[in-house]
Structures are given as C-alpha cells and as structure tokens.
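S.K.: Got a structure for you, written out below as structure tokens; questions coming shortly.
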Amino acid sequence: MWILAMGESAALYKLLVGDEGASGGSWAVATGAQPLVSPLRPAPDSAAQETAAAEMERRLMRGDRTGALKAATAGGLWGPAMLLARHCGEQCFQEVAKEMAQQCCVHGTPMRSVLLVMGGNPGEVHKPPLEPEAPSEQQALGVGMGVAPVAGDAGASSHMLASWRENLAMLVASHAAMGEEAVITELGDLLWKARGQPVAAHLCYLLSGVALQAYAPGARLCLLGADHIGRPRTYATPFAIQRTELYERIQMLVNPQALLAEFQPYKLVYAQMLAEEGRLVEALKYVGALQQALKGARHAHHKAAVHHAAVLEERLQQRDALLGGNPLAHGGRHSAAGGAGWLGGFARVLDRGITSLMGEEEGDGAAGTHPPVPAAHHAAGAGGMAAAPPQQQVPAAPTPAAPGGSAGAAVSAGGAALRRSQSENDAARQLQQQASSAKSPPGAQ
C-alpha cells in the first residue's frame with residue numbers, strides 16, 4: 001500500500017473531496033460550500049451516563065472488571081470502556097472497539113470506517129447496517145448534498161459508495177496498523193460492481209497496492225482506466241496504454257528495476273497501432289523499449305514477447321527500407337495511404353501471438369477473485385481519472401459480443417483513435433498559428 005506523507009495525504013484529499021468537502025473535488029461536480037454534518041449518532045442523555053458511571057465505579061471497587069466494562073458500554077461511556085477493554089485481552093478490545101464504532105458513528109461515514117480498521121475489525125466496514133438509518137444519519141452520508149446513492153446500489157454499497165471519496169481519503173491517510181488494504185480493495189470492487197466505475201476502482205486498487213495483472217476475466221487491473229471486463233476485446237486503447245506507461249515510468253524513477261512485466265506485451269500492441277498508421281519511427285522505439293526491458297528474460301512468457309518483438313522489428317525495418325528515405329524528415333511518419341493493411345497475413349499471426357501474451361483467451365475458464373460485474377457497460381462518470389489531453393478524447397468502443405482479449409481488435413480501434421487524435425492535434429496547431437498571426441502587429445513578420 002502507498003504510504004503518503006501529510007502533504008501528500010492533503011493533496012489526495014483535495015483531489016478527491018475538495019477544500020469545501022461534500023465531494024467538491026476534481027472527481028465530482030462542485031456543489032458549493034456545504035454545512036458540516038456530524039458523523040456521530042446522538043449520544044445517550046447525561047442522566048443515563050451518570051447512572052452508568054456510578055455502576056461502573058461500584059463494580060470496579062468490587063474487582064468486577066467485566067461487569068464494569070458492560071456498564072460502561074451500556075451507558076455509552078466509550079472512553080473508560082476502551083481503557084478497561086485494553087486490560088481484558090485483545091479479543092475483548094476488538095469487540096468493544098467494534099461496538100463503539102457501530103454505536104457512535106453513522107454507517108458509511110469515514111470516521112466509522114477508520115475506527116473499525118484501527119480497532120482490528122476491517123471485515124465489518126462493508127457490512128450493511130442492521131437497522132435503517134434515520135434521516136439525520138442519511139444526511140451525514142451526503143444524501144441531499146450532491147452525492148446521494150444511485151440506482152443499482154445495494155446492501156453495503158448504498159452506504160459506503162455515497163461517500164466513497166471521503167472514505168478512501170480517510171483510509172489512506174490513517175496509516176492504520178493493518179487491514180486497510182483489504183478494505184480499500186473491496187471498496188474498488190464495489191465501485192466497479194455496483195456503479196460500473198472501473199476508473200474509480202482502479203484508483204482504489206493502486207492505493208491499496210494491487211499490482212497489474214495479465215488479462216483474465218477475474219483480473220482487477222490490466223491497464224489503467226481500461227474496462228477489460230466490460231470491453232474485453234477493445235480495452236487496450238492508446239490512452240490506456242499511455243497512462244499505464246506513465247505509471248511504469250514513475251515506478252522506475254523510484255526503482256529502476258520495478259518493471260511491470262504484465263504490461264510489456266501491450267507495448268507490442270501500441271507499436272502495431274503506430275505501424276498501421278505509418279508512424280514507423282515511434283513503432284520501432286516501442287519495440288526497442290520492449291526488447292530492452294526484457295533483455296535476459298528467462299520466463300517462457302517473456303521470451304515469447306521478445307521473439308514477437310524481434311519479428312515485428314524486422315518487418316518494420318523492411319517496410320521502412322521499402323518506402324525509402326529518412327522518416328525523420330517527415331516528422332517520423334510515413335503516409336498510411338494504401339498501407340492500412342500492409343502487415344497483411346503477418347498481422348494475423350502477430351495478433352494471435354500477442355493475444356496469448358496478454359493473458360487468458362476465450363474459453364480458458366479463469367477463476368478470478370473479482371466480483372461479478374453487470375454485463376451492461378457504464379460510463380466512468382464522476383469516477384473518471386486522468387482525463388485525456390485536450391483534443392484527445394478516448395473513443396467509445398462497442399460492447400463486444402463475446403469475452404476474451406484480442407490484440408487485433410485493440411489495434412483496429414487504437415488505429416482509429418490515433419488517426420482522430422492526430423487530425424485533431426493538427427487542426428489545433430493550425431488554429432493556434434492562425435491566432436498567433438492575427439495577434440502579431442503589422443510588419444512583425
């Protein structure tokens with residue numbers, strides 16, 4: 001799990017929630033300043049607490065520590081109760097800590113979540129409440145403040161997901177002794193299963209230390225921001241590969257040996273996308289990066305990737321020689337006219353090879369740990385992450401008819417996305433040049 005310093009935790013809170021709270025951060029539509037609502041349930045009246053304190057004192061004087069603890073918990077005297085429980089064994093302490101969090105805090109609030117984790121009860125965080133919340137408790141969850149539960153939420157998710165950003169920020173910043181990783185990971189599972197927000201789920205997975213995995217129906221994280229469950233044939237978009245490569249680069253700045261082995265086959269996919277668009281120099285660079293990353297690899301899976309990279313590199317070099325000239329003189333791009341399918345039958349062979357490297361194919365019968373996700377694909381919505389650069393919108397891919405990763409389908413969709421991206425960027429540069437010329441004073445040329 002990522003351990004964040006104070007300043008980093010504050011930055012994450014600002015990103016998720018915003019300075020004003022009420023999920024007004026960049027991951028949600030700002031709703032303006034909202035009044036703070038207490039996450040605590042109403043406390044017992046003072047008379048009941050005084051009676052409980054007197055009973056606790058009498059039992060302690062008699063040496064009945066267990067009876068004193070029961071009197072303290074019954075009267076809501078949680079401070080003395082926690083101190084007594086600490087001297088009654090670890091199991092007793094955890095039981096009292098769980099009861100305190102459940103009795104004192106509104107279900108689904110960040111305070112309840114972190115108290116359960118700190119008290120050694122992480123498994124209780126996502127369980128639904130035994131009783132329905134009162135209207136005042138629903139307000140503490142954000143209902144009526146712009147973050148109400150949506151249709152499809154059920155069970156624990158209807159409470160946790162209403163304030164998932166606040167819960168995530170609290171759990172990451174708490175640095176609890178143990179258990180928060182599993183809670184954050186399960187929060188990601190709920191976001192994906194109940195709300196169809198794979199990108200929000202991926203943020204939870206990254207912060208809880210879930211590593212990238214080879215493609216499989218049960219995998220949690222294949223490419224950052226890519227829905228490999230809802231779109232198994234076209235999830236490997238150019239922008240998902242770019243985001244993951246940026247993540248890999250950040251990892252390697254900290255540890256040069258932190259190679260994301262499961263990500264390397266996707267560089268072949270991206271190289272093929274570039275090659276289909278005539279961007280041979282960039283394609284060769286990606287192939288070279290893959291070969292360098294897997295140099296000396298001993299695993300058969302990696303050796304196969306190196307083999308496919310060498311074959312693709314040879315075909316790219318042959319294509320470059322056939323076209324003639326220095327591609328750098330044309331901005332590193334050859335015309336794709338008449339060459340959209342220049343890889344020919346080799347592309348089909350390469351497609352099958354890369355698909356096998358990306359992970360399990362259709363019919364492999366993977367048994368994953370990820371909970372079942374609704375068949376219908378949902379947009380990431382407010383759970384979106386790392387928006388694409390200006391004029392570069394991720395293309396909407398059709399819902400596939402059958403499961404199974406496919407490098408060929410990814411290349412086809414990715415090539416179309418790269419064409420649109422290049423055309424939009426060229427048009428943007430022309431507009432900028434025209435605007436600059438219009439602002440230039442006469443005679444400045």
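The values are calculated or read from the model by the stated rules, or taken from the named source; none is laboratory data. On a predicted model such as this, the values are computed, not experimentally measured, just so you know. A quick note on method: Cβ atoms are made from the backbone with ideal geometry, for glycine too, and the neighbour counts reach across all protein chains shown. Ligands, DNA and RNA are stripped out before the accessible areas are found, and what is left, the full protein with its side chains, is counted by its heavy atoms. Shrake-Rupley method; radii C 1.70, N 1.55, O 1.52, S 1.80 Å.
S.K.: Amide H of Y215: which non-local residues (sequence gap of 5 or more, or other chain) have their own amide H closer than 5 Å, using H built in the peptide plane?
M.R.: Under 5 Å from the amide H of Y215: G359, E360.
S.K.: Once the piece of chain linking K285 and A74 is laid out straight, how much longer is it, given 0.36 nm per residue of separation minus the C-alpha distance between them? Mind showing how you got there, number by number?
M.R.: Numbers: separation 211, 0.36 × 211 = 75.96 nm, distance 6.84 nm.
Answer, rounded to one decimal: 69.1 nm.
S.K.: Estimate the FRET efficiency between A53 and S174 by the formula 1/(1 + (r/R0)^6), using the beta-carbon distance for r and 35 Å for R0, to the nearest 0.05. Show your work: numbers first, answer last.
M.R.: Details: r = 30 Å, r/R0 = 0.86.
So the FRET efficiency works out to roughly 0.70.
S.K.: Whole-Hz Karplus ³J(HN,Hα) for region 46-51, in order, using 6.51 cos²θ - 1.76 cosθ + 1.60 and θ = phi - 60°, x for Gly and Pro?
M.R.: In residue order, the calculated couplings are 4, 5, 5, 5, 5, 5 Hz.
S.K.: On a full-extension model of 0.36 nm per residue, what is the gain between L40 and M61, subtracting their alpha-carbon distance, rounded to one decimal in nm? Present the calculation step by step, with values, prior to reporting the outcome.
M.R.: Numbers: separation 21, 0.36 × 21 = 7.56 nm, distance 3.17 nm.
The L40-M61 span can extend by a further 4.4 nm.
S.K.: Hey, what did region 178-329 get for relative contact order, percent, Cα under 8 Å, at least 6 apart? Mind dumping the intermediate values first?
M.R.: Details: 149 pairs, mean separation 19.7, N = 152.
Worked out over region 178-329, it gives 13 percent.
S.K.: With all protein chains present and a 1.4 Å probe, how do K303, K295 order by accessible area, largest first? Spell out each step's value before the answer.
M.R.: Values: K303 115, K295 145 Å².
Highest to lowest solvent-accessible surface, that is K295, K303.
S.K.: Here's something else I'd like to know. Using amide H atoms built 1.01 Å from N in the peptide plane, name the residues 5+ places from C105, or on other chains, whose amide H lies under 5 Å from its own.
M.R.: Those lying under 5 Å, H to H, from C105 are R41.
S.K.: Roughly what would the spin-label model give for A261 and V311, points 7 Å off Cα along C-beta, in nm?
M.R.: In this crude label model, A261 to V311 measures out at 2.2 nm.
S.K.: Normalised by the residues of region 196-247, what does the relative contact order come to in percent, with Cα pairs under 8 Å and at least six apart? Kindly include the intermediate steps, with their values, before the conclusion.
M.R.: Numbers: 49 pairs, mean separation 14.7, N = 52.
Worked out over region 196-247, it gives 28 percent.
S.K.: Ordering D320, D45 from largest to smallest accessible area (1.4 angstrom probe), what's the sequence?
M.R.: Sorted descending by solvent-accessible area, the residues read D45, D320.
S.K.: Ordered by residue, what ³J(HN,Hα) values in Hz, to whole numbers, does region 92-108 give under the Karplus form 6.51 cos²θ - 1.76 cosθ + 1.60, where θ = phi - 60° and Gly and Pro are x?
M.R.: Result, rounded to whole Hz: 4, 4, 5, 5, 5, 4, 5, 5, 4, 4, 6, 7, 8, 10, 5, 4, x.
S.K.: With a sphere of radius 15 Å drawn around the Cβ of C92, what net charge do the other residues whose Cβ falls strictly inside it have (Lys, Arg +1; Asp, Glu -1)?
M.R.: Numbers: positive: R65, K70, R86, K98; negative: D64, E90, E95, E99.
With Lys, Arg at +1 and Asp, Glu at -1, the net is 0.
S.K.: If you don't mind, another one. Below 13 angstrom from the Cβ of F263, what's the summed charge of the other residues (Lys, Arg +1; Asp, Glu -1)? Could the numbers behind the result be given before it?
M.R.: Values: positive: R243, R249, K267; negative: E245, E248, E262.
In short, 0.
S.K.: A follow-up question, please. So how much slack lies between A182 and C92, counting 0.36 nm per residue of separation and subtracting their Cα-Cα distance, in nm? Walk me through the intermediate numbers first.
M.R.: Values: separation 90, 0.36 × 90 = 32.40 nm, distance 2.27 nm.
Answer, rounded to one decimal: 30.1 nm.
S.K.: While we're here: Compute the signed sum of charges (Lys and Arg +1, Asp and Glu -1) over the other residues within less than 12 Å, Cβ to Cβ, of D64. Don't skip to the end; give the middle numbers.
M.R.: Numbers: positive: R58, R59, R62, R65, K70; negative: E55, E57.
Here the charged neighbours net out to +3.
S.K.: Same structure, new question: Rule-of-thumb check for region 168-322: C-alpha Rg over 2.2 N^0.38 Å? If you can, show how the numbers build up before the last one.
M.R.: Details: Rg = 17.6 Å, N = 155, 2.2 N^0.38 = 15.0 Å.
So the Cα radius of gyration is 1.18 times the expected 2.2 N^0.38 Å.
S.K.: Given the peptides 76-82, 166-172, arrange them by the average over their residues of other C-beta atoms within 10 Å, most packed first. Don't skip to the end; give the middle numbers.
M.R.: Values: 76-82: 18.3, 166-172: 24.4.
Highest-to-lowest ranking by the protection proxy: 166-172, 76-82.
S.K.: Averaging sequence separations of C-alpha pairs under 8 Å and six or more residues apart, then dividing by the length of region 248-310, give the relative contact order as a whole percent. The partial results should precede the final answer.
M.R.: Values: 43 pairs, mean separation 16.8, N = 63.
It comes to 27 percent, rounded to a whole number.
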